[in-house]
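The values are calculated or read from the model by the stated rules, or taken from the named source; none is laboratory data. Just so you know, these numbers come straight off a predicted model, no measurement behind them. Cβ sites come from the backbone with ideal geometry, for glycine too, and all protein chains shown count toward neighbours. Heads up: the accessible areas ignore ligands, DNA and RNA and are worked out on the full protein's heavy atoms, side chains in. Shrake-Rupley method; radii C 1.70, N 1.55, O 1.52, S 1.80 Å.
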Amino acid sequence: MTTDSTMQAVTFALGAECFAIPVTLVREILDYGEAFHIPNAPVWLQGITDVRGQGVPTVDLRARLGLAMAKPTLTTRILVVDVPLSGRTVTLGLVVDKVLDVSTFAADQIEAAPDIGVRWGSDYILGVVRRDEGFIVLMDVAQIFSRDADSTLLSQMSAAA
(Lines give C-alpha, C1' and ligand atoms only; values in the text may rest on other atoms or scores of the structure.)
Protein backbone atom coordinates (compact mmCIF):
# COMPACT_ATOMS: atom_id res chain seq x y z
CA MET A 1 0.00 0.00 0.00
CA THR A 2 1.18 3.50 -0.79
CA THR A 3 0.39 6.42 1.52
CA ASP A 4 1.31 10.10 1.50
CA SER A 5 4.34 9.35 3.66
CA THR A 6 5.48 6.15 1.91
CA MET A 7 5.67 4.69 -1.59
CA GLN A 8 5.70 1.02 -2.45
CA ALA A 9 7.51 0.19 -5.65
CA VAL A 10 8.55 -2.82 -7.67
CA THR A 11 12.34 -2.67 -8.02
CA PHE A 12 14.12 -4.17 -11.01
CA ALA A 13 17.47 -4.21 -12.74
CA LEU A 14 18.55 -3.14 -16.19
CA GLY A 15 22.16 -4.26 -16.27
CA ALA A 16 23.89 -2.92 -13.17
CA GLU A 17 21.33 -0.12 -12.72
CA CYS A 18 18.44 -0.43 -10.26
CA PHE A 19 15.05 1.13 -11.02
CA ALA A 20 11.61 1.19 -9.43
CA ILE A 21 8.03 1.71 -10.59
CA PRO A 22 5.19 2.51 -8.18
CA VAL A 23 3.39 -0.72 -7.31
CA THR A 24 0.06 0.98 -8.10
CA LEU A 25 0.96 0.83 -11.82
CA VAL A 26 2.03 -2.84 -11.88
CA ARG A 27 -0.67 -5.32 -12.84
CA GLU A 28 1.47 -8.47 -12.84
CA ILE A 29 4.93 -9.87 -13.49
CA LEU A 30 5.43 -12.52 -16.17
CA ASP A 31 8.26 -14.82 -17.17
CA TYR A 32 9.82 -13.59 -20.40
CA GLY A 33 8.44 -14.90 -23.66
CA GLU A 34 9.00 -13.78 -27.25
CA ALA A 35 6.49 -11.17 -28.38
CA PHE A 36 4.61 -11.36 -31.68
CA HIS A 37 6.77 -9.19 -33.94
CA ILE A 38 5.27 -6.10 -35.59
CA PRO A 39 6.87 -5.10 -38.91
CA ASN A 40 8.33 -1.57 -39.13
CA ALA A 41 7.95 -0.97 -35.40
CA PRO A 42 10.53 1.13 -33.54
CA VAL A 43 13.49 -0.92 -32.24
CA TRP A 44 12.26 -0.52 -28.63
CA LEU A 45 8.84 -2.03 -29.42
CA GLN A 46 9.28 -5.80 -29.33
CA GLY A 47 5.71 -6.51 -30.43
CA ILE A 48 2.57 -7.83 -28.77
CA THR A 49 2.38 -10.32 -25.91
CA ASP A 50 -0.75 -12.32 -25.06
CA VAL A 51 -1.65 -11.56 -21.44
CA ARG A 52 -4.72 -13.53 -20.42
CA GLY A 53 -6.33 -13.12 -23.82
CA GLN A 54 -5.40 -9.44 -24.22
CA GLY A 55 -2.78 -8.28 -26.72
CA VAL A 56 -0.34 -6.08 -24.82
CA PRO A 57 2.30 -3.91 -26.57
CA THR A 58 5.66 -5.07 -25.24
CA VAL A 59 8.60 -2.70 -24.89
CA ASP A 60 12.30 -3.42 -24.44
CA LEU A 61 12.85 -0.91 -21.65
CA ARG A 62 16.63 -0.99 -22.15
CA ALA A 63 16.24 0.09 -25.78
CA ARG A 64 13.59 2.71 -24.91
CA LEU A 65 15.96 4.32 -22.41
CA GLY A 66 18.87 4.25 -24.84
CA LEU A 67 20.79 1.56 -22.95
CA ALA A 68 22.60 -1.27 -24.73
CA MET A 69 20.26 -4.09 -25.67
CA ALA A 70 20.79 -7.52 -24.09
CA LYS A 71 19.68 -11.05 -24.86
CA PRO A 72 16.97 -12.44 -22.55
CA THR A 73 18.14 -14.70 -19.71
CA LEU A 74 16.38 -16.93 -17.19
CA THR A 75 15.84 -13.86 -14.96
CA THR A 76 14.33 -11.64 -17.69
CA ARG A 77 10.76 -10.65 -16.84
CA ILE A 78 7.88 -8.67 -18.29
CA LEU A 79 6.29 -6.10 -15.98
CA VAL A 80 2.69 -5.63 -17.09
CA VAL A 81 1.83 -2.03 -16.19
CA ASP A 82 -1.13 0.30 -16.63
CA VAL A 83 0.16 3.66 -17.82
CA PRO A 84 -1.86 6.86 -18.27
CA LEU A 85 -1.22 8.04 -21.87
CA SER A 86 -3.14 10.44 -24.09
CA GLY A 87 -6.06 10.72 -21.70
CA ARG A 88 -6.54 6.96 -21.26
CA THR A 89 -4.87 4.06 -19.51
CA VAL A 90 -2.73 1.85 -21.72
CA THR A 91 -1.51 -1.58 -20.63
CA LEU A 92 2.12 -2.21 -21.57
CA GLY A 93 4.61 -5.01 -21.06
CA LEU A 94 8.02 -3.73 -19.99
CA VAL A 95 10.90 -6.16 -20.52
CA VAL A 96 13.42 -5.89 -17.66
CA ASP A 97 16.55 -7.90 -16.86
CA LYS A 98 15.49 -8.96 -13.38
CA VAL A 99 12.76 -8.15 -10.85
CA LEU A 100 14.34 -7.61 -7.44
CA ASP A 101 11.53 -7.04 -4.92
CA VAL A 102 8.77 -4.79 -3.68
CA SER A 103 10.25 -2.03 -1.53
CA THR A 104 8.68 0.63 0.64
CA PHE A 105 10.28 4.06 0.56
CA ALA A 106 9.57 6.79 3.10
CA ALA A 107 8.91 10.18 1.53
CA ASP A 108 12.02 11.62 3.20
CA GLN A 109 14.19 8.92 1.54
CA ILE A 110 13.25 10.10 -1.95
CA GLU A 111 15.60 12.74 -3.32
CA ALA A 112 14.92 14.99 -6.31
CA ALA A 113 16.00 13.77 -9.73
CA PRO A 114 19.52 14.88 -10.62
CA ASP A 115 19.85 17.30 -13.54
CA ILE A 116 23.22 15.97 -14.71
CA GLY A 117 25.37 12.89 -14.57
CA VAL A 118 22.88 10.28 -15.77
CA ARG A 119 22.58 8.48 -19.11
CA TRP A 120 18.83 8.98 -19.50
CA GLY A 121 16.62 12.05 -19.43
CA SER A 122 15.95 13.35 -15.92
CA ASP A 123 12.35 14.09 -16.96
CA TYR A 124 11.80 10.30 -16.77
CA ILE A 125 12.81 10.28 -13.11
CA LEU A 126 10.45 10.87 -10.18
CA GLY A 127 13.35 10.75 -7.75
CA VAL A 128 16.18 8.62 -6.43
CA VAL A 129 16.63 6.63 -3.25
CA ARG A 130 20.07 6.06 -1.71
CA ARG A 131 20.89 2.55 -0.61
CA ASP A 132 24.15 1.09 0.72
CA GLU A 133 24.68 -0.64 -2.63
CA GLY A 134 23.91 2.47 -4.73
CA PHE A 135 20.89 4.36 -5.99
CA ILE A 136 17.41 3.23 -6.97
CA VAL A 137 15.91 5.40 -9.70
CA LEU A 138 12.14 5.91 -9.38
CA MET A 139 10.79 6.01 -12.93
CA ASP A 140 7.94 8.08 -14.31
CA VAL A 141 6.69 5.47 -16.80
CA ALA A 142 4.08 7.76 -18.34
CA GLN A 143 6.76 10.37 -19.09
CA ILE A 144 8.95 7.78 -20.85
CA PHE A 145 6.22 7.21 -23.42
CA SER A 146 4.68 10.70 -23.47
CA ARG A 147 6.20 11.90 -26.74
CA ASP A 148 3.29 12.36 -29.12
CA ALA A 149 4.40 9.71 -31.63
CA ASP A 150 5.11 7.09 -28.94
CA SER A 151 1.89 7.78 -27.09
CA THR A 152 -0.20 7.62 -30.26
CA LEU A 153 1.44 4.39 -31.45
CA LEU A 154 0.98 2.61 -28.11
CA SER A 155 -2.59 3.86 -27.69
CA GLN A 156 -3.50 2.65 -31.19
CA MET A 157 -1.91 -0.74 -30.60
CA SER A 158 -3.65 -1.13 -27.26
CA ALA A 159 -7.02 -0.22 -28.76
CA ALA A 160 -6.57 -2.63 -31.69
CA ALA A 161 -5.46 -5.59 -29.54
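Once you sort the root eigenvalues of the Cα gyration tensor of region 6-91 as a ≥ b ≥ c, which label holds: rounded (a/c under 1.5), prolate (a/b larger than b/c) or oblate (the other case)?
Note, shape of region 6-91 comes out rounded.
Pairs of Cα atoms under 8 Å, at least six residues apart: use those to get the relative contact order of region 10-49, whole percent.
Value for region 10-49: 26 percent.
Quick one: if you stick a label point 7 Å off each Cα along the C-beta vector at residue 54 and residue 23, how many nm between them?
2.0 nm
Starting from the Cα gyration tensor of region 58-113, take the square roots of the eigenvalues, sort them a ≥ b ≥ c, and report rounded, prolate or oblate (rounded when a/c is under 1.5, otherwise prolate if a/b is larger than b/c, else oblate).
Verdict is oblate for region 58-113.
Pop out the carbon and sulfur fraction of the accessible area of region 23-147 as a percent, whole number, probe 1.4 Å.
52 percent
Mean separation of Cα pairs under 8 Å and 6+ residues apart, divided by the residue count of region 1-111: what relative contact order is that in percent?
34 percent
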